[in-house]
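Engineer: Dumping the structure here so I can ask a few things about it.
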Amino acid sequence: MKGQRSVSILGATGSVGETTCALLAEAPDCFRVEALTGNHNVSGMVRLARRLRPAFVAMADDQAAKSVRHALSDLPVHVAGGEGAVLEAAQRPADWIMAAIVGAAGLAPTLAAAAQGTTVALANKESLVCAGHLMTAAIKKGGGRLLPVDSEHNAIFQVFDQAQRDTIDRIILTASGGPFRTASLDAMRAATPAAALRHPNWDMGAKITIDSATMFNKGLELIEAGHLFDMCEDRIEVVVHPQSIVHSLVAYKDGSILAQMGLPDMRTPVAVTLYWPDRADCASDRLDLTRMGDLTFEAPDQERFPALALARAAMRSGGTAPAVLNAANEVAVQAFLAEEIGFLDIAAIVETCLERMPVEPLDELSTLWEVDRTVRKMARSVIELSPKPVSYARAAG
Ligand code: NAD
Ligand code: MG
């Protein structure tokens with residue numbers, strides 16, 4: 001890689017953020033850190049800032065910003081707090097910006113990063129799901145580029161022949177199937193947050209781990225793939241691949257299928273975007289083909305995982321429908337983690353919100369925020385009317 005790149009990490013204290021920071025710390029000559037952002041995690045941010053020496057640190061939470069400022073008072077770093085500070089971090093000029101805030105909270109900062117016409121490494125899939133057209137327009141207008149970090153999209157990006165798009169038949173997203181791949185519906189109905197948080201292959205933040213268990217993660221990824229690769233819903237297939245070695249595939253019209261493989265380790269997709277168009281040296285452990293055992297593929301079970309059909313329907317509807325799906329899911333996942341609803345209620349709540357919300361065109365950000373607010377309220381009211389899960393009621397009694 002030529003010269004030193006300036007980089008910023010939005011959501012530095014999270015799972016993807018930490019992985020990114022670890023790669024940066026291993027190559028201090030290649031990267032200079034402009035800004036890091038976090039939310040509440042003071043000790044995590046202080047540790048990262050001491051290691052990476054950023055010029056600017058933003059904490060979405062004001063109180064946390066005060067504590068970080070105090071703890072870093074011996075360093076030449078500017079620490080600011082609040083949503084505005086996170087936006088400022090995204091607006092500060094940098095050659096490469098990692099967008100790894102979780103949920104719709106990441107949308108405004110990611111759009112701000114896109115507007116500065118730089119390379120945006122996108123982990124925050126929710127922002128593309130909610131406002132895909134606005135995001136791709138912002139990237140185009142700014143003159144920068146979006147590089148996908150999500151392992152499936154990163155895999156497709158590596159094997160997708162952009163110069164000969166018309167030779168491509170379809171793309172195939174792989175899904176691990178999560179912790180309930182073989183569980184019965186009854187077992188899923190009684191599943192606790194602790195069980196849903198035990199992902200068999202990947203170590204990730206809580207929200208995406210629950211999304212993997214419901215398969216809303218794959219639903220969000222379908223919509224994400226549609227925007228990233230300009231593909232309609234019926235040209236994106238989903239297959240369950242429990243070993244998480246084949247990260248996704250592109251099927252060509254001549255019958256060839258190209259796959260990207262690797263260990264389930266986010267260091268690789270993050271490194272692909274960080275060093276692009278070059279390649280990093282030894283970003284992750286080697287995959288030993290002779291020891292990895294069988295690779296299997298199966299069709300997803302639509303009955304136990306209704307999230308996929310809901311996402312496909314929202315994608316076909318377009319407009320505000322994907323934003324409705326996303327907001328309802330964010331609220332339902334939080335309620336499930338707080339033990340207010342059962343595991344299967346997550347998809348039921350999303351379905352109810354999709355049924356009740358009329359689909360509108362989405363041409364402006366203000367429409368999106370309005371819909372997001374309305375759906376969050378609606379989902380909360382559905383939750384309040386839902387009976388508490390039987391298993392928790394029994395445990396409490
Ligand atoms: P995480 O929960 O571990 O981290 C989230 C980050 O966002 C933290 O730094 C947190 O401080 C920040 N944050 C949360 N709420 C915020 C708010 N209101 N304002 C500002 N910052 C806020 O999440 P993660 O697992 O790292 O996932 C991040 C994103 O990457 C998600 O969109 C997820 O779907 C996507 N992703 C993650 C993985 C993975 O391996 N973890 C893989 C693919 C895609
Ligand atoms: Mg993924």
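Engineer: Under 8 Å between Cβ atoms, at least 6 apart or on separate chains: pull out the pairs that start in segment 101-118 with a residue that is within 16 Å of ligand 2 (Cβ to nearest atom) and end on any residue that is acidic (D, E) and assigned to a helix (DSSP H, G or I).
Structural biologist: Qualifying pairs under 8 Å: V102/E126; G103/E126; G103/E330; G106/E126.
Engineer: Output yes when any residue across segment 263-279 is over 19 Å from V240 (Cα atoms) and acidic (D, E), and no when none is.
Structural biologist: Checked against the condition, which is being over 19 Å from V240 (Cα atoms) and acidic (D, E), segment 263-279 yields at least one hit.
Engineer: Considering each of T192, T174, T167, T182 in turn, give the residue that is buried (at least 19 other Cβ atoms within 10 Å of the Cβ), modelled with pLDDT of 95 or more and away from ligand 1 (no atom under 11 Å from the Cβ).
Structural biologist: Just one listed residue meets the conditions, T174.
Engineer: Say we look at segment 69-86 and pick out the residues that are buried (at least 19 other Cβ atoms within 10 Å of the Cβ) and within 12 Å of ligand 1 (Cβ to nearest atom); which of these is nearest to L111 (Cα to Cα)?
Structural biologist: Of everything passing the filter in segment 69-86, V86 is nearest to L111 (Cα to Cα).
Engineer: Which condition does L24 not pass, out of (1) in a loop (DSSP other than H, G, I, E, B); (2) touching a Phe, Trp or Tyr at 6+ places or on another chain (Cβ under 7 Å), if it passes all the others?
Structural biologist: With (1) in a loop (DSSP other than H, G, I, E, B); (2) touching a Phe, Trp or Tyr at 6+ places or on another chain (Cβ under 7 Å) applied to L24, the lone miss is (1).
For (1) of a type in the set (A, V, I, L, M, F, W, C); (2) within 14 Å of ligand 1 (Cβ to nearest atom); (3) closer than 18 Å to A89 by Cα, each residue gets a yes or a no:
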| site | (1), (2), (3) |
| --- | --- |
| V120 | yes, yes, yes |
| S127 | no, yes, yes |
| T136 | no, no, no |
| G144 | no, no, yes |
| E152 | no, yes, no |
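Engineer: Out of (1) crowded, with 18+ Cβ neighbours inside 10 Å; (2) under 17 Å from L365 (Cβ atoms); (3) not aromatic (F, W, Y), what's the single condition that is false for K125?
Structural biologist: Evaluating K125 over (1) crowded, with 18+ Cβ neighbours inside 10 Å; (2) under 17 Å from L365 (Cβ atoms); (3) not aromatic (F, W, Y) leaves (2) as the failure.
Engineer: So, L23, is that one in contact (Cβ under 8 Å) with a residue 40 or more places away in the chain, over 30 Å from A323 (Cβ atoms) and within 21 Å of the chain's Cα centre (by Cα) or not?
Structural biologist: Yes: the conditions hold for L23.
Engineer: Something else now. Within segment 199-211, can one find any residue that is among the small types (G, A, S) and within 16 Å of ligand 1 (Cβ to nearest atom)? It would help to see each step written out before you state the result.
Structural biologist: Keep residues of segment 199-211 that are among the small types (G, A, S), which gives 205-206.
With the extra rule that they be within 16 Å of ligand 1 (Cβ to nearest atom), the set shrinks to 205-206.
For segment 199-211, residues among the small types (G, A, S) and within 16 Å of ligand 1 (Cβ to nearest atom): present.
Engineer: Of the residues A137, A191, A187, A183, only one is farther than 28 Å from T320 by Cα, small (G, A, S) and not in a loop (DSSP other than H, G, I, E, B); which? Give the steps one after another, and end with the answer.
Structural biologist: Numbers: A137 fails: farther than 28 Å from T320 by Cα; A191 fails: not in a loop (DSSP other than H, G, I, E, B); A183 fails: not in a loop (DSSP other than H, G, I, E, B).
The unique qualifying residue is A187.
The values are calculated or read from the model by the stated rules, or taken from the named source; none is laboratory data. Computed from a predicted structure; not experimentally measured. Heads up, the Cβs are rebuilt from the backbone with ideal geometry, glycines too, and the neighbour counts pull from every protein chain shown.
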